[in-house]
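> This is the structure I want to talk about, given as structure tokens.
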Amino acid sequence: MTATQGWLVLVALSVGSTLLAWSGSTGAVAAVAILALAWVKAQIVLNVYLGLSQVPAWSRGFAFVLGLFMLGAMGLAVAAGAV
């Protein structure tokens, strides 16, 4: 993916999360959906703009830590929505 393609995907994902927020969706489902979009955006930034796709070991490490963080954030969102 080129930097221009990455930018276009980031813009599309940002529009998606903005539309989701504007739709009035609330609760755990909306929070998890927005976090999922942010997760994809973070992976694009890491791999396209920081060039981690050129270093697979570092890319996997960052993806693992980011995944743990995002799953934790999603878990907290679901737990908060269940209360």
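The values are calculated or read from the model by the stated rules, or taken from the named source; none is laboratory data. All values derive from a computational prediction rather than experimental measurement. All Cβ positions, glycine included, derive from the backbone under ideal geometry; neighbour counts span all protein chains shown.
> For the stretch 48-78, which residues satisfy the criterion of being touching a residue at least 40 places away in the same chain (Cβ under 8 Å) and either farther than 23 Å from Val11 by Cα or within 13 Å of the chain's Cα centre (by Cα) (or both)?
Hits for the stretch 48-78 are Met74, Ala77, Val78.
> Residue check, Met1 against (1) touching a residue at least 12 places away in the same chain (Cβ under 8 Å); (2) in a helix (DSSP H, G or I), all met but one. Which one?
Against the list (1) touching a residue at least 12 places away in the same chain (Cβ under 8 Å); (2) in a helix (DSSP H, G or I), Met1 comes up short only on (2).
For every residue, the table says whether it meets (1) at positive phi; (2) small (Gly, Ala, Ser); (3) modelled with pLDDT of 95 or more.
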residue	(1), (2), (3)
Ala28	no, yes, no
Ala33	no, yes, no
Val40	no, no, yes
Ile44	no, no, yes
Leu50	no, no, no
Ala80	no, yes, no
Val83	no, no, no
